[in-house]
Every structure is written in C-alpha cells, then in structure tokens.
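Chemist: Okay, handing you the structure first.
The values are calculated or read from the model by the stated rules, or taken from the named source; none is laboratory data. The shown structure was predicted, so the numbers you read here are calculated from the model rather than taken from an experiment. Note: ideal-geometry Cβ built from the backbone for every residue, glycine included; neighbour counts use all protein chains shown. Ligands, DNA and RNA are stripped out before the accessible areas are found, and what is left, the full protein with its side chains, is counted by its heavy atoms. Shrake-Rupley method; radii C 1.70, N 1.55, O 1.52, S 1.80 Å.
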Amino acid sequence: MQLRLHAQSRVGSRRQQDRLTAAPAVVAPPRRGPSPAQFQSSAVGASADTTPAVQLTAAPGDVLVNPDVNVQVAIGQPQYAVKVLYRSRGTPLQGASSVFAHVGHSGWRDTADVTLSNAGSDGETWQGTYLVPAGRLSAPWHLETQLVFKGIVGGHERWDNNGGANWSVAVELAPAEGLVPALNPSYASTRALTSSLVLRLEALLAQRLLTPEQGSLLRVLAWQHDLGLTKAYQAVRHQDDRSVAGALAGRCSWLRPPGLNVVHVASEMAPIAKVGGLADVVASLAKAHQATGLLTEVILPKYDCIHYGEVHELRQMTELEVPWGPEPNRTVKTVVWSGCADGLPVYFIEPHSPEKYFWRGKFYGEADDAARFAFFSRAALEFLARRSHEAPDVIHCHDWQSAAVAPLLKETYKASGLARTKAVLTIHNLAFQGHVNGTFLQHMGLASRAQHVAQPDVMLHGDRPAGGITITPQGLGAQVTLNLLKGAIVYADRITTVSPTYAREVLGQALGMGLQGTLGKHQGKLTGVLNGLDYETWNPATDPCLPAHFTPDDTAGKRACKAALCGELGLPFEGQLPPASSNGNGNGSGNGHANGNGTGAATSAWGPNGRPLLAIVSRLTEQKGLPLMKAGLRAAIAAGAQVVVLGSAPEPKVHQEWEALAKELGAGGDGRIVLRHDEALSHRIFAACDMLLVPSMFEPCGLTQLIALRYGTIPIVRETGGLADTVHDVAHSRRPEHERNGFTFAAADVPAVETAIGRAIDAYRNGREWWSTQLVPRVMRQDWSWTQSAQRYSEIYQAALH
Ligand code: ADP
C-alpha cells in the first residue's frame, strides 16, 4: 500500500486561530523540520495478514511537522496512527523540559493531547503517536489533522502555533486503495476470497443488483485485495445475492472515486468579501463540498477592499491578456492571484484596466457595475481555459454578477478548451439582473452572434422593440439592452434557486421580476435547493465572537450573552414588565395585539432574563420590508420588549431615515440601532436576543432566520420564499411539534406583523418555562447545516454532466 504524503503548514480556520488567541501564543516563524528520510516508518500493531509496510513519499523540505502515517486495524475498526516528530530547536519551545502536542481532527471537533517523548541526543527532537479513526477522515481519501505544541520552558508554559496558522498534517490516501490496507495476496486464502468476490460481483451485475458504476468500482477494489471490502464480503458471502448486493453497494457510498472539480465564479465570498447571504453561501457550499471529496475552487474579483488579513499565501500566479474592448484585438492586462481563504483555494482577478474596475473601495454600487462584472466573468473563463491541466467539470456561477459566464462558455469558450465543462447558475435574488447595452456584445467577443443573442428569448431585455434591432458589422448599438441573468438562464445547463418556495414563486408574475416567462420556458432545468448554514462559523458552543457559549443542553451562556450585549449597547438588562396586555397561554397560541405603554415601566419583573430582546440584522432595503420593520419595532417596544437593529442601508435616504429612528429609540432604554456592517456584532446579537424579526417582502432563502435558530433566537417571519420553507409557526403550523420553531404571518401589512410580534411576546411572558426549556433547545437542535443541500448540489452537478 502506498500513501501519498503532503505535510505542510496549512492555514487554520478562523475558529482555530481564535482558539489559540486565548492561549499565550508565541509567534514562531515558519521553519523547516527534519527531512522525512531521517525517520523510518514502522507498522503499528498491524494485524497478521495485513501488509504492514508503508511507503512514504514526501518532497524533502516540504515537511514542517513530520508525520509517519500507518494503519492500525483494531478489531474491525481501521484507524490511522500518525507519528509526529517535532524539532524544538529555534522555536519558542527550544530548551523545553517537556512537550506535548494538542491535536485536532474533524475541524477541531475531536481533540487529544499527546505527550511527546524526547527522541534525540540533542534534547530538541520530540516524538509521539496519535490515532485517527477512519471515520474521522475529513474525506474518504483525505486524512488531515491540526496540531499546536506546548512545552514548559524555564518553568513557563510556551506555545508554538506556527505563527497563529497552526501546524497541519495532510495525507492524501491513494483512492484506489480504499480506506484500509490490502490483504496480503500471497496467502492462498486471500486469493480465494478475492476470486470468489470477483465472480460474485459478475453475478450481481448480471442480475442488475448493482449498477455498472458500483460494479466497476468494486471490481477495482476487489482486484486490489482491499481489506475493508473483502472482509465485508467474507461476512456476508454465504447469504443470498440480494443481501450480498446490499452489503457491497452500501460500501460504494464511502469507497467512492474522487469527486468532481467545481469552480465557483462569484462576486462575494465570506469572510473576505461579504455584502450579504451570497457570500455565506459561496463559502459554505464550497467548504461542504470540499469535505465530501469534491475539488472546489473559487474565483473572485481582486477588490481593493477584500479583508486581506484573512487571505493566506497570497501570491501573483499568472498574467493574462483578456480580450475586452470595442475592437476584437484589444486586450486588458490582467493578473491572477492565488490565496487561501477559510481553507478554500481562491483565485483573484485583477484587471489593469484604465477604468480600475476593482479599485473602487467598495464591492458594488458603481455606475459601471455591469461592465465590471461582465469583464470579471470573461477573465475568469480566460483563466480557466488557459490552465494547463484538465478543465473543470462544472463552473458554478452566482447571480447576475457572474451570469455572463454561461453564454460566454457556450458561445466562445466551448471551442477554447472548455468543451466538456458545464455551467450551473444559482439565482440568489432575481431582483438584480445586470443590464448592459448592446455594445457590450463586442466587448464580450460575441458580436458575430448578435443576430442570435439579441432575441427576446435569449438575452434581449424585454420584448423586441417596435422598430426592430439594427445589427451592423460591428454588432449591436447602445440602444439595445441585454440582460445578463436572462442569458445565464437560457444558456446554463442547470439552474438552481435558493429555496423550493422561491423556485415556485419566480415562475409567477409577482416575483418573477419580468423573467417568469424565460424561467417558465427553462423550468425543466430549475430546482430549488435550500441554503444551508456553515455550522463551523455559526456555532454558539465555540463562536469566538461571543462572550459566553451555550448549547441546547445548557443555555445559560445565552443569558450571559444577553447581559453582555445590553452592557455593550447601554441598554438596561433586568427590564421590568409593563402591565399585562393579553391572555397568551404560553404555548405561542395567544393572539393579543401589542398594547403596552411603550416605556417599559414596571409593575412586575420579567424574570431572570429581563425583557425580551428583539433583533433585526439586515440590509435595509425595500426587499426586507422597511415599513414592516419599523412597525414591528414600535409594536415590540409597545408590548414591553427591547429592540436592537444592526443594519446597513446602501441608499443614503434610507440611511438618514434610520438615523432619525436611531436617535428616537436611543433616547431611552428601549432600543439601539447600529447602522453599519459589523460581522462580530452580528454574532453577538444573534446569540443574545430572544427573537429576530424578518418581515421581508420577498426572501429567496434568507440566512438570518437560520442563524437565529442555531443560536436559540426565535424567528418572527413573513411567510415568503425560504422563510416559509424554514420557519413553522409554533401555534398554527400543520407541521409536527418538533419542527415548529417560530412565529409567522402571511400578509405584508402592519396589523399582520403586529399580531405576530404580540403573539411572540405574550408567549415569552406567559410561557417562560416553555420558551426557555422547550422552544429554545428545540430550535437549536434542528439541522440547518449544508449536509443535505450540498448532496443535492452534487446531484445537480452530476445531472448537468449527463
Ligand atoms: P441578503 O443576502 O438578502 O442580504 P440573507 O439573510 O440571505 O440576506 O443574508 C444576510 C447575511 O448578511 C447574513 O449572514 C447576515 O447576518 C448578514 N448581515 C446583514 N446585515 C448585516 C450587518 N449590518 N452587519 C453584519 N452582518 C450583516
């Protein structure tokens, strides 16, 4: 068996780094460890008929922490033993009297402390072994663990965390070899078992009890005497064919070949370039796929306002001349950078155009946005087409900003190296479509296709003008408007939108935003897949932004977060109950309208958690239901709640209105409005608040209600789009009780939002026990992770390829 070994300093996730800031971290410059040749691998407790020898191949000089990886088979459960060798000379731990490694795998979910023993004559070489169960591999063929080292130097505790990036051991296991070592084929019994398996596979295939794909994968593994597969077969071989097929097919789900190569071309990616939910989705979907074995890469514009502190190993990679301009031979010099962000490989497109497309100090909101992103889409394709290795299987584009990818791919780049690459479009918000004037067809190199492209059922915005369209040898004129998102809908191989309800809504006139006809025509390609949440970033048990942590089993920390947020924002914490206003019965079915006195004046205490704290975390735009937000805030205060708003208003007029409201509310202890984008504060608000209001006019998916649920904050939402798919009313939903998780209303009017808020506050007041011991833990336990949705996307990629 051969393992391919890559040991390298990898960037730890934000969470890992933040864990370390709690420790007295000593920054050490990255350095080279001992050459792998200095250390011999040895079998660790391998069972008698396994092949114990492990051949390690690693580039000398690559190695920072030198792992010897071996396989141990402990009573049917394969696990990997990783031998760590650590040189403390020249590090913060030089001269240590003792050293141990703090090891984490599965993204630090499992941790262990390994005491290292001194292994060399110079006193500076330390070694130890730790075990990683096969079930903890980060992907079927990928073993990855993180380490930091701690030692006692001169009586003081010192850390070596690789300058905040952690040490990382990454081992690629050759896929064809399976998860466990091969049986030794020199044993006659092994050969007989393998032969029996090969013949049985043939029989199962002939009866169509296995698919041809399963058959070929299992045949390869059988032929290689894969221990796991042959042992599994040994256990069932005397059963009937159907049972044997079931047992063997079950193994295919984890003995799978390497996944697809998917490249996201996007205008945002959290945490380095975030405006809204699009950024979260791109990062978390890519991460979820990375963990299941897909090779995911991201291409972003190289904005000057990226959070470069969170981009690691940033370097110039290549230079391109991207065709772009009114004449066919004009090009724009473009530098492609590479860097690692949140553990993802990212390429950054930097045009050296006279227009300085991405040196504007902001992501969007420029008069030439359409041109900036059409250029970005073309440059991304140019880069992918010129890479020397195989083309990606799928290019996943997002919203109008990368929509031009789909028509360009099919019309131009298919013939330039991307022939078998498919385009998948995700519509995060149909309200933004990207309009360019006809002359951009020349910029995009599509002038010769003007006749076809400028049709109402292709890329022409709206209907054909009464006077027709004039096409000259140069292409289209400026009076023609093209719609980039429409083009992507027409040209993409598959289209998704971010919730099943929104996928239905966009087919209708109310929310189709003029593209309902086009979408209807291409409905066969359209699927609604609910967005998931990045459970690593959004985890109240570990979130480094929070002053206290909590879990569904122990929510005490939520109260501490609330007290801390009130302190931070200057709101009184132990609020008092206004005169009782309704007869809510504590199970959320009360229907009283808010009618408190609005001052929080007291007659009896709200109890240990103080007054309910209602939050809004949102872009402040029409889509998000600005009048309903304002009415909701006033209703909540009137019913005795305190309110917190974290919002950013792209429009100056809206910003001013909310500034006025902030002044009005800020005068008392009823509310605070913070008008800026503040990621860390948003985490503290989600954790601290009791309720979150999301009264959107339309909401393709919405992430804030999912984050709220994860943090035990009960959403009050309008039943539209993804909000309708994820929030189910505690009182009147038809769903089973364990799925009910919030308060909902249908009408987009003030009485509806007031009623829902009144019901929520009544339930909070009259059912305190139910709220805190049942409702909060229940919603926190619901699963809004990417697990299922990432699988749906994988299926959509596969469907696009077939
Ligand atoms: P949209 O993408 O339409 O803005 P979503 O609910 O899908 O709405 O996603 C919004 C994301 O942006 C969430 O992660 C939310 O926490 C975040 N967000 C919105 N406003 C702010 C703000 N002012 N400060 C920090 N984060 C914000």
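Chemist: Just the residues that are in a helix (DSSP H, G or I) and closer than 17 Å to Leu485 by Cβ, please, taken from region 361-379. Give the steps one after another, and end with the answer.
Modeler: Of all residues in region 361-379, those in a helix (DSSP H, G or I) come to 369-379.
Across region 361-379, the qualifying residues are Asp369, Ala370, Ala371, Arg372, Phe373, Ala374, Phe375, Phe376, Ser377, Arg378.
Chemist: Only residues that are open to solvent by 10 Å² or more (accessible area, probe 1.4 Å) and within 12 Å of the ligand (Cβ to nearest atom): list them for region 683-693, please.
Modeler: The answer is Arg684, and nothing else.
Chemist: Looking at Ser618, Ser582, Ser604, can you tell me which residue is closer than 23 Å to His728 by Cα and at pLDDT below 95?
Modeler: Ser582
Chemist: What about Ala273, is it outside the structural domain of Arg372 (by the TED database) and either free of Cβ contacts under 8 Å to residues at least 60 places away in the same chain or crowded, with 19+ Cβ neighbours inside 10 Å (or both)?
Modeler: No, not satisfied.
Chemist: Give me the pairs: first residue in region 126-151 and modelled with pLDDT under 80, second residue among the aromatic types (Phe, Trp, Tyr) and part of a strand (DSSP E or B), beta-carbon distance under 6 Å, and six or more apart or on different chains, which are they?
Modeler: That search, which allows pairs on different chains as well, returns Val132/Tyr80; Leu143/Tyr80.
Chemist: Let me ask another. Quick check on this structure: which one of Leu285, Leu300 is modelled with pLDDT of 95 or more and within 16 Å of the ligand (Cβ to nearest atom)?
Modeler: On inspection, the qualifying residue turns out to be Leu285.
Chemist: Scan Val332, Val336, Val405 and give me the residue that is touching a residue at least 60 places away in the same chain (Cβ under 8 Å) and in the same structural domain as Ala266 (by the TED database).
Modeler: Being touching a residue at least 60 places away in the same chain (Cβ under 8 Å) and in the same structural domain as Ala266 (by the TED database) holds for just one of Val332, Val336, Val405, which is Val405.
Chemist: Under 9 Å between Cβ atoms, at least 6 apart or on separate chains: pull out the pairs that start in region 223-247 with a residue that is in contact (Cβ under 8 Å) with a residue 60 or more places away in the chain and end on any residue that is open to solvent by 20 Å² or more (accessible area, probe 1.4 Å) and assigned to a helix (DSSP H, G or I).
Modeler: Note: pairs meeting the criteria are Gly228/Arg251.
Chemist: Considering region 332-355 alone, what residues qualify as being among the charged types (D, E, K, R) and at pLDDT below 95?
Modeler: Asp342, Glu355
Chemist: Among (1) at pLDDT below 90; (2) in a loop (DSSP other than H, G, I, E, B), which single condition is Arg420 missing?
Modeler: (1)
Chemist: Another question about this same structure. Going through region 380-403 one residue at a time, which ones are assigned to a helix (DSSP H, G or I) and of a type in the set (Gly, Ala, Ser)?
Modeler: Passing the criteria: Ala380, Ala385, Ser402.
Chemist: Could you check how many residues of region 191-211 are of a type outside the set (Ser, Thr, Tyr), out of contact with any Gly (no Cβ under 9 Å at 6 or more places or on another chain) and modelled with pLDDT of 85 or more?
Modeler: Here the count works out to 9.
Chemist: Looking only at region 640-687, filter to residues that are assigned to a loop (DSSP other than H, G, I, E, B) and farther than 19 Å from Val275 by Cα; which one of those is nearest to the chain's Cα centre (by Cα)?
Modeler: Per the criteria, the residue is Ala641.
Chemist: Next question. Please determine whether any residue of region 286-296 is assigned to a strand (DSSP E or B), in contact (Cβ under 8 Å) with a residue 12 or more places away in the chain and either outside the structural domain of Pro392 (by the TED database) or open to solvent by 10 Å² or more (accessible area, probe 1.4 Å) (or both). Show your work before the answer.
Modeler: Let us first name the residues in region 286-296 that are assigned to a strand (DSSP E or B), namely 295-296.
Then drop every residue that is not in contact (Cβ under 8 Å) with a residue 12 or more places away in the chain, which leaves 295-296.
With the extra rule that they be either outside the structural domain of Pro392 (by the TED database) or open to solvent by 10 Å² or more (accessible area, probe 1.4 Å) (or both), the set shrinks to 295.
Yes, the conditions are met somewhere in region 286-296.
Chemist: State all residues of region 620-630 that are within 12 Å of the ligand (Cβ to nearest atom) and within 12 Å of Val753 (Cβ to Cβ); if no residue qualifies, say none.
Modeler: Correct list: Gly625 only.
Chemist: Shifting gears a bit: Please tell me if Asp678 is more than 8 Å from the ligand (Cβ to nearest atom), among the acidic types (Asp, Glu), open to solvent by 10 Å² or more (accessible area, probe 1.4 Å) and not assigned by the TED database to the domain that holds Val498. Let's see the steps before the verdict.
Modeler: Working: more than 8 Å from the ligand (Cβ to nearest atom): no; among the acidic types (Asp, Glu): yes; open to solvent by 10 Å² or more (accessible area, probe 1.4 Å): yes; not assigned by the TED database to the domain that holds Val498: yes.
No, not satisfied.
Chemist: If I filter region 108-129 down to residues being touching a Ser or Thr at 6+ places or on another chain (Cβ under 7 Å) and not in a strand (DSSP E or B), which single residue comes out as nearest to Asn161 (Cα to Cα)?
Modeler: The qualifying residue nearest to Asn161 (Cα to Cα) is Glu124.
Chemist: Taking region 423-442 on its own, how many of its residues are outside any loop (DSSP other than H, G, I, E, B) and either open to solvent by 10 Å² or more (accessible area, probe 1.4 Å) or within 20 Å of Thr527 (Cβ to Cβ) (or both)?
Modeler: Final tally of qualifying residues: 9.
Chemist: Also: Count, please, the residues in region 553-574 that happen to be in a loop (DSSP other than H, G, I, E, B) and surrounded by 16 or more Cβ atoms within 10 Å (Cβ to Cβ).
Modeler: Residues in region 553-574 being in a loop (DSSP other than H, G, I, E, B) and surrounded by 16 or more Cβ atoms within 10 Å (Cβ to Cβ): 3 in total.
Chemist: Something else now. Among the residues that make up region 522-536, is at least one of them within 16 Å of the ligand (Cβ to nearest atom), open to solvent by 50 Å² or more (accessible area, probe 1.4 Å), at positive phi and within 31 Å of the chain's Cα centre (by Cα)?
Modeler: Quick first cut of region 522-536, residues within 16 Å of the ligand (Cβ to nearest atom) only: 528-536.
Retained after the next criterion (residues that are open to solvent by 50 Å² or more (accessible area, probe 1.4 Å)): 535-536.
Those still in the list that are at positive phi too: none.
No, every residue in region 522-536 fails to be within 16 Å of the ligand (Cβ to nearest atom), open to solvent by 50 Å² or more (accessible area, probe 1.4 Å), at positive phi and within 31 Å of the chain's Cα centre (by Cα).
Chemist: Which condition does Ala406 not pass, out of (1) under 26 Å from Gln479 (Cβ atoms); (2) assigned to a loop (DSSP other than H, G, I, E, B), if it passes all the others?
Modeler: (2)
Chemist: Among what's in region 706-735 and is small (Gly, Ala, Ser), in contact (Cβ under 8 Å) with a residue 40 or more places away in the chain and in a loop (DSSP other than H, G, I, E, B), pick the residue that is nearest to the ligand (Cβ to nearest atom).
Modeler: Among those residues, the one meeting the criterion is Gly712.
Chemist: I'm told Thr744 meets every condition in (1) without any contact (Cβ under 8 Å) to a residue 40 or more places away in the chain; (2) surrounded by 23 or more Cβ atoms within 10 Å (Cβ to Cβ); (3) over 29 Å from the mean Cα position of the chain (by Cα) except one. Can you identify the failing condition by its number?
Modeler: (3)
Chemist: Name the residue, out of Leu218, Leu278, that is crowded, with 18+ Cβ neighbours inside 10 Å and within 16 Å of the ligand (Cβ to nearest atom).
Modeler: Going through Leu218, Leu278 in turn, the sole match is Leu278.
Chemist: Among the listed residues Val654, Val645, Val617, which satisfies the condition of being more than 21 Å from Arg559 (Cβ to Cβ) and within 12 Å of the ligand (Cβ to nearest atom)?
Modeler: None of the other options fit; the residue is Val645.
Chemist: Could I ask something else about it? Before we move on, is Glu319 free of Cβ contacts under 8 Å to residues at least 24 places away in the same chain and more than 20 Å from Asn261 (Cβ to Cβ)?
Modeler: Values: free of Cβ contacts under 8 Å to residues at least 24 places away in the same chain: yes; more than 20 Å from Asn261 (Cβ to Cβ): yes.
Criteria met by Glu319.
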